[in-house]
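Chemist: Provided herewith is a single structure, encoded as structure tokens, for subsequent inquiry.
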Amino acid sequence: MRAASSDVSRLHAQLSKAEEAGDKAAIIELSRRIVAIAPDDSDAWDTLAQTQLDIEDLDRLAQTLDAWQKVRRPPAAAIEDFRGDLCLKRKDYQNAERHWLAFLATKPRAADAAAEYDKLADLCVAQARWADNAAYRTKAIAAEDSAARRVFRACAFMRLHKWDAAYADMAKANKIDASDSQVKEWLPQFERLQKFLPRIKALDARIAKSPNDPAAAGLLLDRARIFTLAGRPLLALDDAERALKLQPTSMRARIQTAEALLDGNRAEDAAKLQVSKDLLRGDDKLATASPSYGGHVTEQALRELGALDSRLLANPKDVDALAARSKILRGLLQFTLALADARAALAVDDKSAAAHFEVAHDLDGLGQSKDALAHARTATELDPNDPVKWYYRGILEAQRADFPAAIESQTRSLGIRESLVALREREQCERRLGKVSQADVDLRRIRELAPQHE
């Protein structure tokens, strides 16, 4: 017995040195030796299990917990804690929660209970269980209050739109410890959101009257817009996704959902909605400065999309509405979605000049200039009195180095309405063909129309 005790003491001394050195392999080997000699050494079992968890050697961790449980009667409470951690690593959330609750049933000391409730609350975040998240945060605070735990519960209440409770917790957190890192990170964000609360609360009340009515989609998108301006992309995403479920064909809901995803650095998820990371974010008079979020889709674009969504909900074959929505989407640099609308318009009316014009733009934006030019030509044939269509046709012809055709198209555009852009394009094409005198004539006219640019 003395020899065994001496061996255990020696191994513990070596284990302490290995822990100081951070040598994980040595810690595991030494801990195994200790429990082989002294199976009732809970500290060694704990160290072994924790180190295997740290290096994510999950299969061996499971074996360690089974072996520990066999030699310890009744089983150590820590085993349940570790089993919960193991399940979490394996994304087995249901069993993780079950094991952690079993650990709490052993009545651990307050600090350990609070830490366990923290883990349970974090687990609920991963599952988007916001009410349960708030409930576990409350239990963590009851076990051991702290500024950080107040902040975390404030965030849970914010996600549940329990604004008064959220701000009460933030005030309490600031009072407990204004220097806490969580308080310093989140207090300014709550202060920024506060200025938007009157508008948010008004929409809360209206949405609550009929939360599942498709007509509520517009209200949800209005509230999502406010959350976007307030720099709260997760709250915006909640509302935008709900709106998209209520009205799956809504392009405004799709764009706002994608914008919230992009604000949350989830470009791959936005791409699943066929919205690229190139989504144009312009200055908006209603937006506050927010460098972190790179600007916002303009209010005007969203309102126009919403109006066209309503028209198309009433009449899915409204060619003009499809073409107009395609144009807005093109302006947002979403050529795939724009092309789908434009082609849908052509499927209804293949003689729509506006639809052909939009298809041309979208194909060009997608790098298919040859097919784009074919549609641009059809657009001018169907609507020969539109100078913009002739101008754009000339642009595409010049891109394909057909400068004589480009000059002719720009001439047709200028014959309908004189414009600087068409003059400049024609002048450049003329110079490419060596028609210097004609180009100089155009240049003089350009200077007459826009001397301030020279």
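Chemist: Out of 25, 49, 36, report the one residue that is under 26 Å from residue 83 (Cβ atoms), in contact with a helix residue (DSSP H, G or I) (Cβ under 6 Å, 6 or more places away or on another chain) and in a helix (DSSP H, G or I).
Modeler: Step by step, each of 25, 49, 36 is checked, and only 49 is under 26 Å from residue 83 (Cβ atoms), in contact with a helix residue (DSSP H, G or I) (Cβ under 6 Å, 6 or more places away or on another chain) and in a helix (DSSP H, G or I).
Chemist: Here's something else I'd like to know. Is there any pair linking a residue in segment 65-84 that is on the phi < 0 side of the Ramachandran plot to one that is outside any helix (DSSP H, G or I) and at pLDDT 90 or above, with Cβ under 8 Å and at least six apart or on different chains, and which?
Modeler: Listed pairs, sorted by first residue: 77/106; 77/108; 80/106.
Conditions tested, residue by residue: (1) buried (at least 18 other Cβ atoms within 10 Å of the Cβ); (2) in the same structural domain as residue 282 (by TED's automatic domain parsing); (3) assigned to a helix (DSSP H, G or I).
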position: 154; (1), (2), (3): yes, no, yes
position: 157; (1), (2), (3): yes, no, yes
position: 171; (1), (2), (3): no, no, yes
position: 175; (1), (2), (3): no, no, yes
position: 186; (1), (2), (3): yes, no, yes
position: 190; (1), (2), (3): yes, no, yes
position: 225; (1), (2), (3): yes, yes, yes
position: 235; (1), (2), (3): yes, yes, yes
position: 241; (1), (2), (3): no, yes, yes
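Chemist: Now a separate question. What's the number of the condition residue 128 fails, among (1) in a loop (DSSP other than H, G, I, E, B); (2) modelled with pLDDT of 95 or more; (3) of a type outside the set (D, E, K, R)?
Modeler: Answer for residue 128: the failing condition is (2).
Chemist: Sticking with this one: Inspect segment 396-406 for any residue being part of a helix (DSSP H, G or I), farther than 30 Å from residue 320 by Cα and not aromatic (Phe, Trp, Tyr) and give the result as yes or no. Explain how you work it out, then say what you get.
Modeler: Residues of segment 396-406 part of a helix (DSSP H, G or I): 396-399, 403-406.
Among the residues that remain, those that are also farther than 30 Å from residue 320 by Cα are: 403-404.
Still in the list and also not aromatic (Phe, Trp, Tyr): 404.
Yes.
Chemist: Yes or no: segment 99-111 includes at least one residue that is closer than 30 Å to residue 237 by Cα and either of a type in the set (A, V, I, L, M, F, W, C) or surrounded by 21 or more Cβ atoms within 10 Å (Cβ to Cβ) (or both).
Modeler: No, that holds for no residue.
Chemist: Which numbered condition in (1) modelled with pLDDT under 95; (2) among the aliphatic types (A, V, I, L, M); (3) closer than 26 Å to residue 197 by Cβ is the only one that residue 76 fails?
Modeler: Here residue 76 meets the rest and fails (3).
Chemist: Given 164, 145, 180, 213, which one is modelled with pLDDT under 95 and either of a type in the set (Asp, Glu) or within 27 Å of residue 120 (Cα to Cα) (or both)? Show your work before the answer.
Modeler: Numbers: 164 fails: modelled with pLDDT under 95; 145 fails: modelled with pLDDT under 95; 180 fails: modelled with pLDDT under 95.
Exactly one of 164, 145, 180, 213 is modelled with pLDDT under 95 and either of a type in the set (Asp, Glu) or within 27 Å of residue 120 (Cα to Cα) (or both), namely 213.
The values are calculated or read from the model by the stated rules, or taken from the named source; none is laboratory data. This is a predicted model, so every value here is computed, not measured. So basically every Cβ, Gly included, is an ideal-geometry build from the backbone, and we count neighbours across all protein chains shown.
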